[in-house]
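To start, the structure under review is shown below, and the notes come after it.
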Number of protein chains: 2
Amino acid sequence: METKKFLLNEQQIPTAWYNIVAEMTNKPAPLIHPGTRQPLKPEDLYPLFSRAAADQELNTTDAWIEIPEPVREQYRIWRPTPLVRATALERALDTPAHIYFKNESVSPVGSHKLNSAIAQAYYCKQEGVTNITTETGAGQWGAALSMAAKHFGLELAVYMVKISYEQKPYRRSIMQTYGAEVIASPSMSTKAGRAIITATPNYQGSLGTAISEAVELAMSTPNCKYALGSVLNHVALHQTVIGLEAVQQMEMAGEYPDVVIACFGGGSNFAGLAFPFLRGNLRGKTDTRFIAAEPASCPKLTQGVFEYDYGDEAGYTPLIPMYTLGHNFKPANIHAGGLRYHGGGAIVSQLKHDNLIEAVDIEQLDSFRAANLFARTEGIIPAPESSHAIAAAINEALRCKVAGRGETILFNLSGHGLIDMTAYDRYFAGDLQNYTVSPEEIAENTRKLEKILGN
Amino acid sequence: METKKFLLNEQQIPTAWYNIVAEMTNKPAPLIHPGTRQPLKPEDLYPLFSRAAADQELNTTDAWIEIPEPVREQYRIWRPTPLVRATALERALDTPAHIYFKNESVSPVGSHKLNSAIAQAYYCKQEGVTNITTETGAGQWGAALSMAAKHFGLELAVYMVKISYEQKPYRRSIMQTYGAEVIASPSMSTKAGRAIITATPNYQGSLGTAISEAVELAMSTPNCKYALGSVLNHVALHQTVIGLEAVQQMEMAGEYPDVVIACFGGGSNFAGLAFPFLRGNLRGKTDTRFIAAEPASCPKLTQGVFEYDYGDEAGYTPLIPMYTLGHNFKPANIHAGGLRYHGGGAIVSQLKHDNLIEAVDIEQLDSFRAANLFARTEGIIPAPESSHAIAAAINEALRCKVAGRGETILFNLSGHGLIDMTAYDRYFAGDLQNYTVSPEEIAENTRKLEKILGN
């Protein structure tokens, strides 16, 4: 019988993360300070992030950064994660392609987000920080950071977008079980929150507002730092543990991927799986294709502009050189909440700009169709975000079928969907739809960028 | 650094289940046909179950029963499951004991129930069955059988206790995502259902009624069989894959358990972990203690009578020789829905009767206290059922602390609690309570047994 699942032992958990920037010929342009408009220095970030995270964010020289032993110890709760050959899905598609997925859904919180949450919490603890803050949309990141904060003995306040706070009570409860304080955003606890509540009493919140509240609380609280779950370079760095394991596991399987696929929101799970394989391309040793699967309703990589833009809606963060739909872009309310982000981050955007990676847009209904087929063949109900990667993998496998090509496809199952079942209910009830974004809307949103930056 | 997680590879998934009955000196008394009052023969069970399951149910001679290859192939989606050393919990308790847990929560449906669901669905498919039925309370078993039925191309109808159908929509949605038909019970689709709806229009259902409906549909539908998720011998048999893996993994850890613990409802996860270790005791090679952790609100092993009783409330099933609170016992509405069962099953009850295993009663609030400590140390939010095993393991670890004994404790984490977060919410809100059962109530319920059996 063919091997279905490729497992590593604990000793094979990577001992260093891979910092792809150090090996890129065209490195991303520098982050820009929002006040001074000068290239950002690590010390500009020290008030907000742990020093270690700030240094990693701007590190363009070290290709390998050691994973601290206490972080690896926590990783061992669920890592290494399995690499699985999707034999049943292959049979259902009748494709000559071999399909593999890296199963990040086996983490205690059900997604890959823990990989960076543990690292960020550890560095804060190491530096004597006592309190941390963050924001969360659908709640995956908030749940992960709650678990990590509890382990390292940090107090955590999570600003959760109000509509999610009300619609996704399970994720809220998970955070509370791990001991985190969860505040519906906008709230009365910050100036930013109070202002927006006063202006718009029934406002249901947005990720932009929640970021503003979390940042404000961190900046105004002694011994408190802020943590972010995607977009930034140090988050992508921590996630490379996914791909570094997968490289070893594909070797066990005796194959090398022709195509590597991950869903794309802020880029953390895509970077995590792809960068260690992309290293082979950068060194001229492999010729793998890399596909970021973004939602058609938020198509920054395929239809955005490559410009400097803020990371948040309110414009508090550094300016990031990236593909963006404009930081005021309002994505449709799709169920893949983790993919509703306007920008592609600095590294991935540069790679896309240099044609080292590709991107595709997946419609919401196609993502649920793919999720359903995956659940009924491989047995795992995927998160709505991960379903975008599955849809893209299916498209590639069907291309292989038509072309009669036995390619090897690898995708990231970034999380399971057991806490997203209302989305499936709505899909089966026929209540979901696709959303298109007009070129005019994107042009209108990105035109504002020029005024802000004075270009 | 100490190893935290002990992993097997796919080739180490057991190739045979362990049938402990074959090696018991005092075997359980035979099951009795509810109509003829004669010892049950396999053919009496053929109309209801697959022949293979019926034969296994009454097999008292073969200690090892081969696991069919297609079942092992499905097991490989998530098996072998990890054995984990609970180092963080040990530190929190400051105990010299070593605590290990077998992590069955990593299955795609979040619990051990798949181990038997896959086997039962496979045998039905092999025998040309096209439709199967079952009942489910909290939904763990129904979710598992839904996944298994879809894989083997069987149509499945699940009767879900009405109050759970309404209160646990996520589990219902999971079943529907796997393609199962889920019917709130009592329903209009069966005579049993119609009778009770007519008599009591707003009846919220019970497991007993749901079993009656599932059995009736199976018996009245061509080419249709029924599947049960616990209590019976063949279900316990399939679950021994848990303990057979754990035996190998404890050997990797270089330790042997002094105490083995699992929560106890119908017995499937307890039997699954315990029997392969109990084999050592039966052969005089080991002297391990085995503890079944049942809820204080449903204390059949500690306070029930050892008598013949029906497996269901309506009295359709064979009579089983077991510790029971009486088949009409109405357990309090605790959140560990999977433990609300009146009887101990034939094998476990005989073992308890012969003092080969022990049982303890865990109060609901203690189970949640233990769950909380476990979540905040080991990072995994446990199912309310599994939390009873954790509470018992903590009690043993604290006993070791007082006695200064470095014993080795092994418990089964039968499932995660990510779909049970409302229970945690209620615990944190102070809305949960303990439930006691009076000796009078138990005496009253079990006195009826004598009349039924004409003793």
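The values are calculated or read from the model by the stated rules, or taken from the named source; none is laboratory data. A quick note: this is a predicted structure, and the numbers were derived from the prediction, not measured. Glycine also receives a Cβ, built like all others from the backbone with ideal geometry; neighbour counts cover every protein chain displayed. Accessible surface is based on the protein model in full, side chains and every heavy atom, while ligands, DNA and RNA are left aside. Shrake-Rupley method; radii C 1.70, N 1.55, O 1.52, S 1.80 Å.
Couple of notes before you dig in:
- Restricting attention to the range A:282-294, the residues being out of contact with any Phe, Trp or Tyr (no Cβ under 8 Å at 6 or more places or on another chain) and touching a residue at least 40 places away in the same chain (Cβ under 8 Å) number 4.
- All positions within the range A:113-152 that are under 14 Å from A:TYR178 (Cα atoms), open to solvent by 10 Å² or more (accessible area, probe 1.4 Å) and touching a Lys or Arg at 6+ places or on another chain (Cβ under 7 Å): A:GLN140, A:TRP141, A:LYS150, A:PHE152
- Candidates are the residues of the range A:405-430 that are aliphatic (A, V, I, L, M) and open to solvent by less than 60 Å² (accessible area, probe 1.4 Å); the one that is nearest to the chain's Cα centre (by Cα) is A:LEU413.
- As for the range A:322-337, it holds at least one residue that is open to solvent by less than 40 Å² (accessible area, probe 1.4 Å), in a helix (DSSP H, G or I), within 24 Å of A:GLU216 (Cα to Cα) and more than 14 Å from every other protein chain (Cβ to nearest Cβ).
Each row is one residue, and each column tells you yes or no for (1) at pLDDT below 95; (2) over 25 Å from A:PRO42 (Cβ atoms); (3) surrounded by fewer than 24 Cβ atoms within 10 Å (Cβ to Cβ).
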position: A:THR198; (1), (2), (3): yes, yes, yes
position: A:LYS225; (1), (2), (3): no, no, no
position: A:ALA253; (1), (2), (3): no, yes, yes
position: A:PHE264; (1), (2), (3): no, yes, no
position: A:GLY272; (1), (2), (3): no, no, no
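- Residue pairs whose Cβ atoms lie under 6 Å apart, sitting 6 or more positions apart in sequence or on different chains, and linking a residue in the range A:191-202 that is more than 10 Å from A:GLU213 (Cβ to Cβ) to a partner that is open to solvent by less than 90 Å² (accessible area, probe 1.4 Å) and in a loop (DSSP other than H, G, I, E, B), are A:ILE197/A:PRO186.
- The range B:296-321, residues that are free of Cβ contacts under 8 Å to residues at least 60 places away in the same chain and open to solvent by less than 20 Å² (accessible area, probe 1.4 Å): B:LYS300, B:LEU301
- Residue pairs meeting the criteria (Cβ under 6 Å; at least 6 apart or on separate chains; first within 14 Å of chain A (Cβ to nearest Cβ), in the range B:360-388; second of a type in the set (D, E, K, R) and surrounded by fewer than 22 Cβ atoms within 10 Å (Cβ to Cβ)): B:ARG376/A:LYS150
- Residue that is most open to solvent (accessible area, probe 1.4 Å) [pool: residues in the range B:340-362 that are modelled with pLDDT of 95 or more and assigned to a loop (DSSP other than H, G, I, E, B)]: B:ASN355
- Condition check for B:GLU104: charged (D, E, K, R), within 23 Å of the chain's Cα centre (by Cα), over 21 Å from B:LEU207 (Cβ atoms) and modelled with pLDDT of 95 or more: yes
- Every residue from the range B:37-48 that is among the charged types (D, E, K, R) and open to solvent by less than 20 Å² (accessible area, probe 1.4 Å): none
- When the range B:64-105 is limited to residues that are of a type in the set (A, V, I, L, M) and open to solvent by less than 10 Å² (accessible area, probe 1.4 Å), the one that is farthest from the other protein chains (Cβ to nearest Cβ) turns out to be B:ALA97.
- For the range A:133-176, the tally of residues that are part of a helix (DSSP H, G or I), over 14 Å from A:GLY110 (Cα atoms) and more than 10 Å from every other protein chain (Cβ to nearest Cβ) stands at 7.
- Taken together, A:ALA397, A:ALA423 contain a single residue that is aliphatic (A, V, I, L, M), part of a helix (DSSP H, G or I), in contact (Cβ under 8 Å) with a residue 24 or more places away in the chain and farther than 17 Å from A:ALA92 by Cβ, which is A:ALA423.
- Residues in the range B:177-193 that are within 14 Å of chain A (Cβ to nearest Cβ) and assigned to a strand (DSSP E or B): B:GLU181, B:VAL182.
- Only residues that are open to solvent by less than 40 Å² (accessible area, probe 1.4 Å) and either within 14 Å of chain A (Cβ to nearest Cβ) or in contact with a strand residue (DSSP E or B) (Cβ under 9 Å, 6 or more places away or on another chain) (or both) were counted in the range B:8-36, giving 12.
- In the range B:49-63, residue nearest to the other protein chains (Cβ to nearest Cβ) [restricted to those that are under 18 Å from B:ALA16 (Cα atoms) and in contact with a strand residue (DSSP E or B) (Cβ under 8 Å, 6 or more places away or on another chain)]: B:GLN56
- Per the conditions (1) over 28 Å from B:VAL259 (Cβ atoms); (2) assigned to a helix (DSSP H, G or I); (3) open to solvent by 20 Å² or more (accessible area, probe 1.4 Å), the sole criterion not satisfied by B:GLN433 is (2).
- Qualifying positions in the range B:164-187 - surrounded by fewer than 17 Cβ atoms within 10 Å (Cβ to Cβ), touching a strand residue (DSSP E or B) at 6+ places or on another chain (Cβ under 9 Å) and closer than 22 Å to B:LEU339 by Cα: B:GLU166
- Yes/no for B:ASN445 being among the polar types (S, T, N, Q), open to solvent by less than 50 Å² (accessible area, probe 1.4 Å) and under 30 Å from B:ILE32 (Cβ atoms): yes
- Screening B:VAL109 against (1) open to solvent by 10 Å² or more (accessible area, probe 1.4 Å); (2) of a type in the set (A, V, I, L, M, F, W, C); (3) part of a loop (DSSP other than H, G, I, E, B) leaves a single unmet condition, (1).
- Condition check for B:ASP287: more than 19 Å from the chain's Cα centre (by Cα) and among the acidic types (Asp, Glu): yes
- Within the range A:188-196, not a single residue is under 12 Å from A:THR136 (Cβ atoms), surrounded by fewer than 24 Cβ atoms within 10 Å (Cβ to Cβ) and out of contact with any Leu (no Cβ under 9 Å at 6 or more places or on another chain).
- Looking only at the range A:370-386, residues that are assigned to a helix (DSSP H, G or I) and in contact with an Asp or Glu (Cβ under 9 Å, 6 or more places away or on another chain) come to 2 in all.
- Highlighted here are the strands (runs of 3 or more DSSP E) found entirely within the range B:1-87 that include at least 1 residues which are of a type in the set (Ser, Thr, Tyr): B:16-18.
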